[in-house]
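The values are calculated or read from the model by the stated rules, or taken from the named source; none is laboratory data. What you see is a predicted model; the values in this text were computed from it and never measured. As a convention, Cβ positions derive from the backbone with ideal geometry for all residues, glycine included, and neighbour counts pool all protein chains shown.
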Amino acid sequence: MEPVGPVTLERAPVRLVPLGLEHEDGLRHAAADGALWNLRFTSVPEPQHTRAYIETALQGRAQGHRFAFAVLDAAGGEVIGCTSYHDIVPAVERLEIGWTWYAASRQRSAVNTTAKLLLMQHAFETLGAQLVGWRTDNYNFASQRAIERLGARKDGVLRHHALRRDGTVRDTVMYSLAAGEWPEVKAHLLWQLTRPR
């Protein structure tokens, strides 16, 4: 698998650019659209922790296990969320997509499907990944539905797996998509994005 490096991915209505400190104000504003940090099962930073959130993502990039993107509105350029490749394991040609969140006003739109299409296409067709994974909190039912709509398969549940921001321990629901499944999933996602409404 090729190394994950800086790249801009774009398809209306989104543009994904490497996350940097220049996105701090935009991320803070996007998170405030819905006060998303109040959801106990998300990774959305509280306003005062936005800079530290970005710095942690940049540290993950330097260490080679995470590459975060700011999600921008392709037309206006404003920051509307964040997403990442993470748990990048070149030796087995595997990575995961996560740390994903969007301003509340952009949820239930074409934003998530389009961003995930771009990330999966880049992972499978450019980087040469053999498997893309996702994980989410067992109580984040909206995230589970969104991952399943992408065509990912549920692999199982890791019980008592990770801490939530409130100190409780979550079960983690795991999903994946293999390279051989990608062509059919890609065709379906493109159909979803272009079909008449």
Filter pass, Leu58 being within 29 Å of Gln192 (Cα to Cα) and among the hydrophobic types (A, V, I, L, M, F, W, C): no
Residue match in the range 42-52 (condition: hydrophobic (A, V, I, L, M, F, W, C) and in contact with a His (Cβ under 8 Å, 6 or more places away or on another chain)): no
Every residue from the range 1-38 that is in a loop (DSSP other than H, G, I, E, B), without any contact (Cβ under 8 Å) to a residue 40 or more places away in the chain and either among the polar types (S, T, N, Q) or surrounded by 14 or more Cβ atoms within 10 Å (Cβ to Cβ) (or both): Thr8
Every residue from the range 185-197 that is at pLDDT 95 or above and of a type in the set (Lys, Arg): Lys186
Some residue of the range 132-146 being over 13 Å from the mean Cα position of the chain (by Cα) and over 22 Å from Arg40 (Cα atoms): no
Residue within the range 79-92 that is modelled with pLDDT of 95 or more, under 24 Å from Trp37 (Cα atoms) and more than 14 Å from the chain's Cα centre (by Cα) present: yes
Single unsatisfied condition, Gly128 versus (1) in contact (Cβ under 8 Å) with a residue 60 or more places away in the chain; (2) on the phi < 0 side of the Ramachandran plot: (2)
Inter-residue pairs, beta-carbon under 8 Å, first in a helix (DSSP H, G or I) and in the range 166-194, second of a type in the set (S, T, N, Q), 6+ apart: Ala179/Gln130; Lys186/Gln121; Leu189/Thr113; Gln192/Thr113; Leu193/Thr113; Leu193/Thr114
Of all residues in the range 154-184 being out of contact with any strand residue (DSSP E or B) (no Cβ under 6 Å at 6 or more places or on another chain) and modelled with pLDDT of 95 or more, the one that is surrounded by the most Cβ atoms within 10 Å (Cβ to Cβ): Trp182
Hey, Arg15 over 15 Å from Trp99 (Cβ atoms) and either of a type in the set (Phe, Trp, Tyr) or at pLDDT below 95 (or both) or not: no
Members of the range 71-121 found to be of a type in the set (A, V, I, L, M), within 12 Å of Val14 (Cα to Cα) and either part of a helix (DSSP H, G or I) or touching a helix residue (DSSP H, G or I) at 6+ places or on another chain (Cβ under 6 Å) (or both), listed by number: Val71, Val79, Ile80, Ala110, Val111, Ala115, Leu117, Leu118, Leu119
